[in-house]
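Peer 1: Got a structure here, written out as structure tokens. Questions coming.
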Amino acid sequence: MNLIIILPFISALIGWFTNWVAIQMLFHPKKEKDFFFFKWQGIFPANQAEISAKVGRMVAEELLSAQDIKDVANSSEQIKKLHELVELKMDEYLFVQFPKRHKIMSALMPNSKLIELKEELLHEVELVFPDVIDAYLNTVEEKFDVSAIIRERMKVLEVDKLEKLLMSLLEKEFRFVEIIGGVIGFLIGLVQMLLTYYTTN
């Protein structure tokens, strides 16, 4: 009878331990090892290239694409900020740098003329801005391959760093998996104890 009572606790320990081992096997062993008649390597180290490609593809298709970046960069808010930056640089040149570099011309050109020149330049910028920005963003979109960037970064990422990254992100979830293994093991052991008790009495 005493041995039957500890069945749930033994099952809980086995349930927790098997789940703990399963989590460890995600990353360990990092290099392929011989285990009797077969070879074994952690799931991530053994499939790093394939996992990298899948993660890169998923991020590009579901989370972030070059088009998303293009849309943000081409938004009215960003265009306004870019216009403000251009105007700021234009003021810096016309009213600070130009008088220093071209003292004679600056002396002959009244401030009102510089303001007029600035307005004309800004108007021209307004006209060409959409085409210039669109052409630039199209170039960025062609070169910015989210899937390829993530794939290549993950392929060369050291397994130790990948393990630390995932463990830091999923520590609570992995801990929950371990605990739930113990809970399920305990319940199974409890059922076994009850079945054993009622079938032997």
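Peer 1: Let me know the longest stretch in the chain that avoids all chymotrypsin sites (Phe, Trp or Tyr not before Pro) found in a DSSP loop with at most 16 other C-beta atoms within 10 Å. Display every interim value, and only then the final one.
Peer 2: Numbers: sites that count: 36, 37, 144.
In the chain, the maximal stretch lacking such sites is 38-143.
Peer 1: Explain nothing, just compute: Karplus ³J(HN,Hα) = 6.51 cos²θ - 1.76 cosθ + 1.60, θ = phi - 60°, for every residue of the stretch 42-58 in order, whole Hz, x for Gly and Pro.
Peer 2: In residue order, the calculated couplings are x, 4, 5, x, 6, 10, 4, 5, 5, 5, 4, 5, 5, 5, x, 5, 5 Hz.
Peer 1: On full extension of the chain, what length is gained from residue 22 through residue 129, given 0.36 nm per residue of separation minus the C-alpha to C-alpha distance? Kindly include the intermediate steps, with their values, before the conclusion.
Peer 2: On the way: separation 107, 0.36 × 107 = 38.52 nm, distance 5.65 nm.
Full-extension gain reported as 32.9 nm.
Peer 1: So, one more: Take residue 67 and residue 114, extend 7 Å from each Cα along the Cα→Cβ direction, and tell me the distance between the two endpoints in nm.
Peer 2: 4.7 nm
Peer 1: Which residues in the stretch 9-24 have a backbone N closer than 16 Å to a point placed 7 Å from the Cα of residue 183 along the Cα-to-Cβ line?
Peer 2: 12-13, 15-17, 19-20
Peer 1: What does the convex hull of the Cα atoms of the stretch 1-70 come to per residue, in Å³, rounded to a whole number?
Peer 2: Details: hull volume 9.7 nm³, N = 70.
Spread over its residues, the Cα hull of the stretch 1-70 gives 139 Å³ apiece.
Peer 1: How are the C-alpha pair distances of the stretch 135-186 spread across 10 Å bins, as whole percents from the shortest bin up?
Peer 2: The percentages, shortest bin first, are 20, 25, 23, 19, 9, 4, 0.
Peer 1: While we're on this one: Looking at the stretch 154-190, which GluC sites (Glu not before Pro) are in a loop (DSSP not H, G, I, E or B) and have at most 12 other Cβ atoms within 10 Å?
Peer 2: Details: sites: 158, 163, 171, 173, 178; in loops: 158.
Of the GluC sites (Glu not before Pro), the ones in loops of the stretch 154-190 whose Cβ has at most 12 other Cβ atoms within 10 Å are 158.
Peer 1: Still on this structure: Anyone know which of 112, 65, 147 comes out most mobile in the 10 Å Cα GNM of the chain?
Peer 2: Among 112, 65, 147, the largest mean-square fluctuation in the Gaussian network model of the chain belongs to 112.
Peer 1: So what does the Cα-only Debye profile of the stretch 47-91 read at q = 0.14, 0.19, 0.29 Å⁻¹, as log10 I(q)/I(0), no solvent term?
Peer 2: -0.53, -0.67, -0.93
Peer 1: Moving on. Between residue 140 and residue 156, what is the label-point separation in nm under the 7 Å Cα-to-beta-carbon projection?
Peer 2: That separation, rounded to one decimal, is 2.4 nm.
Peer 1: How about the stretch 1-102: which trypsin sites (Lys or Arg not before Pro) there are in a DSSP loop, with at most 10 other Cβ atoms within 10 Å of their Cβ?
Peer 2: Details: sites: 30, 31, 33, 39, 54, 57, 70, 80, 81, 89, 100, 101; in loops: 30, 31.
Here the trypsin sites (Lys or Arg not before Pro) that fit, given the DSSP loop and packing criteria, are 31.
Peer 1: Quick check: pseudo-label points 7 Å beyond the Cα along Cα→Cβ at residue 75 and residue 57, how many nm apart are they?
Peer 2: Roughly 3.0 nm, to one decimal.
Peer 1: While we're here: At q = 0.15 Å⁻¹, what base-10 log of I(q)/I(0) does the Debye formula yield for the chain when every alpha carbon is treated as an equal point scatterer in vacuo?
Peer 2: Treating every Cα as an identical point scatterer, log10 I(q)/I(0) equals -1.03.
Peer 1: Which residue, 115, 179, 79, tops the fluctuation ranking in a GNM of the chain built on C-alpha contacts under 10 Å?
Peer 2: Of 115, 179, 79, the most mobile in the Gaussian network model is 115.
Laboratory data are not the source of any read-out in this text; all were calculated from the coordinates shown. Given the structure is predicted, the values throughout are model-derived calculations rather than measurements. Note: ideal-geometry Cβ built from the backbone for every residue, glycine included; neighbour counts use all protein chains shown.
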